[in-house]
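Novice: Below is the structure I would like to discuss, written out as structure tokens.
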Amino acid sequence: MPLKKHYTTAVIISNEPISERYFCMTVECKILATDAAPGQFIMIECGKDAFLKRPMGISDANDATGTISFIYQICGTGTRALAEQKIGRELKIIGPLGNKFLVHKNAQSLALVGGGTGIGPLLFCAKKFYTDYPNIALYGFIGARTKNILCGIDEMRGFTKETHITTDDDSYGQKGVATDALFSFLEKKSVDQIISCGPTTMMKKTAEIATQRAIPCHVSLEEYMACGFGACLGCPCEIKNEGYKMICLDGPVFDAEKVVW
């Protein structure tokens with residue numbers, strides 16, 4: 001069930017580029033920092049040029065400092081306006097929204113597979129699981145088109161036993177995509193669970209690999225959203241034997257095997 005959400009304001013603490021076209025924003029909002037869980041997202045005001053709020057997966061929540069962070073890519077009017085926001089600015093925000101990542105029963109090892117802005121939720125997941133489940137071995141798999149748009153590598157390495165990096169053009173790490181590295185890894189070792197967040201094609205391939213090896217897998221789906229809590233019916237996804245679900249309300253985390261890709 002979705003956890004409680006808040007309609008509030010947040011103050012920008014930092015808004016910095018972390019790679020080409022990718023930014024990380026940190027805002028002070030104590031009530032969200034206390035309640036947020038890995039896998040959840042927020043809807044945030046971007047600026048005067050963007051009428052609708054934008055969904056952002058939470059990449060960190062720090063109860064001690066009362067801050068939350070998220071990674072975003074400049075790809076349109078809203079995110080371009082967000083990148084121009086200055087420290088100290090107050091933005092309207094709704095969250096935390098959606099469900100959360102959970103550890104599968106008796107899991108002793110877990111693979112985190114991500115790319116693009118999907119790295120954000122996986123970093124939050126890695127941090128939380130590293131702290132709460134110290135006996136679980138975490139393995140990271142991060143992919144990008146080229147070295148210049150990689151992000152979250154150092155943070156992921158701090159939480160995982162191994163982190164495997166791929167780039168399409170062979171400019172950093174292994175040549176290929178994140179699922180290539182996952183496949184190669186599973187040829188030699190095994191994991192008890194997989195969590196994936198990022199481009200749809202990557203998550204679909206991750207789900208296929210997981211199904212072939214009978215590994216429980218959860219994915220965090222991404223979609224354009226106008227409201228973030230099921231009112232606009234703008235983010236449907238088809239779930240096997242269940243019909244259509246709203247990604248914002250019923251997700252964004254789903255059992256990968258049940259998703260109709």
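Novice: If ligands, DNA and RNA are left out, what is the accessible area of Lys189 with a 1.4 Å probe, given in Å² to the nearest 10?
Specialist: About 90 Å², ignoring ligands and nucleic acids.
Novice: Another one. Rounding to the nearest 20 debye, state how big the charge dipole of the range 116-202 is about its Cα centre with +1 on each Lys and Arg Cβ and -1 on each Asp and Glu Cβ.
Specialist: Numbers: 9 positive and 10 negative charges, 25 e Å.
Around 120 debye, computed over the range 116-202.
Novice: If I ignore ligands, DNA and RNA and count only protein heavy atoms, how much of Thr146 is accessible to a 1.4 Å probe, in Å² to the nearest 10?
Specialist: The accessible area comes out at roughly 20 Å².
Novice: With a cap of 13 neighbouring Cβ atoms within 10 Å, and only residues DSSP puts in a loop, list the chymotrypsin sites (Phe, Trp or Tyr not before Pro) found in the range 1-64. Intermediate results must be reported in sequence, preceding the final value.
Specialist: Working: sites: Tyr7, Tyr22, Phe23, Phe41, Phe51; in loops: Phe51.
Passing both the DSSP loop test and the Cβ count: Phe51.
Novice: Starting from a Cα-only point model with no solvent, please compute log10 I(q)/I(0) by Debye for the chain at q = 0.08, 0.10, 0.11, 0.16 1/Å.
Specialist: The Debye formula, applied to the Cα set alone, gives -0.29, -0.46, -0.56, -1.22.
Novice: Can you work out the Karplus-derived ³J(HN,Hα) for every residue in the range 94-111? Use 6.51 cos²θ - 1.76 cosθ + 1.60 with θ = phi - 60°, whole Hz, and x for glycine or proline.
Specialist: 10, x, x, 10, x, 8, 9, 6, 10, 7, 5, 3, 6, 5, 10, 8, 8, 9
Novice: Oh, and also: Counting other Cβ atoms within 10 Å, keep those with at most 13, restrict to DSSP loop, and tell me which GluC sites (Glu not before Pro) in the range 29-104 are left. The partial results should precede the final answer.
Specialist: On the way: sites: Glu45, Glu84, Glu90; in loops: Glu45, Glu84.
Filter output for the range 29-104: Glu84.
Novice: Rounded to a whole number, what % of the accessible area of the chain do carbon and sulfur atoms account for, probe 1.4 Å? Before the final figure, lay out each step's value.
Specialist: Working: 6220 of 12390 Å².
Carbon and sulfur atoms account for 50 percent of the accessible area of the chain.
Novice: My understanding is that a pair violates if its Cα-Cα distance is over 20 Å; which of Lys128/Lys161; Lys205/Lys240; Lys100/Lys128; Lys100/Lys205; Lys161/Lys204; Lys5/Lys92 do that in this structure? Before the final figure, lay out each step's value.
Specialist: Details: Lys128/Lys161 15 Å; Lys205/Lys240 17 Å; Lys100/Lys128 11 Å; Lys100/Lys205 22 Å; Lys161/Lys204 25 Å; Lys5/Lys92 13 Å.
Correct reply: Lys100/Lys205; Lys161/Lys204.
Novice: Hey, another quick one. Which is farthest toward the positive dipole end of the chain among Ala50, Ala181, Tyr72, measuring Cα position about the Cα centre, with Cβ charges +1 (Lys, Arg) and -1 (Asp, Glu)?
Specialist: Ala50
Novice: Another question about this same structure. If you filter the range 23-111 for trypsin sites (Lys or Arg not before Pro), then keep DSSP loop positions with at most 16 other Cβ within 10 Å, what is left?
Specialist: Listed in order of number, the matching sites are Lys48, Lys86, Arg89, Lys105.
Novice: Something else about it: For the range 10-124, what is the accessible area per residue in Å², given a 1.4 Å probe and the full set of protein chains? Mind dumping the intermediate values first?
Specialist: On the way: 4680 Å² over 115 residues.
Solvent-accessible surface per residue comes out at 41 Å².
Novice: Just the number, please: percent antiparallel of the DSSP beta bridges in the chain, rounded to the nearest 5. Don't skip to the answer; put the middle values down first.
Specialist: Working: 40 of 64 bridges.
Counting DSSP beta bridges with both partners in the chain, the antiparallel share is about 60 percent.
Novice: I would also like to ask the following. Let's see if you can work this out: charge +1 on each Lys and Arg Cβ, -1 on each Asp and Glu Cβ, no other charges. What is the dipole magnitude of the chain about its Cα centre, in debye to the nearest 20?
Specialist: Details: 28 positive and 28 negative charges, 45 e Å.
Here the chain has a charge dipole of around 220 debye.
Novice: Probe radius 1.4 Å, ligands and nucleic acids left out: which of Asp169, Asp63 has the largest accessible area, and how do the rest follow? Mind showing how you got there, number by number?
Specialist: Working: Asp169 80, Asp63 100 Å².
Ranked from most to least accessible, the order is Asp63, Asp169.
Novice: Check which residues have an amide H placed less than 5 Å from Ala137's amide H, if you skip close sequence neighbours.
Specialist: Here Ser109, Leu110 satisfy the definition.
Novice: Just read off the accessible area of Glu16 with the full protein assembly in place, 1.4 Å probe, to the nearest 10 Å².
Specialist: Roll a 1.4 Å probe over it and Glu16 shows about 100 Å².
The values are calculated or read from the model by the stated rules, or taken from the named source; none is laboratory data. Everything numeric in this text was worked out from a predicted model, so none of it was measured. FYI the Cβ positions are ideal-geometry reconstructions off the backbone, even for glycines, and counts take in every protein chain you see. Heads up: the accessible areas ignore ligands, DNA and RNA and are worked out on the full protein's heavy atoms, side chains in. Shrake-Rupley method; radii C 1.70, N 1.55, O 1.52, S 1.80 Å.
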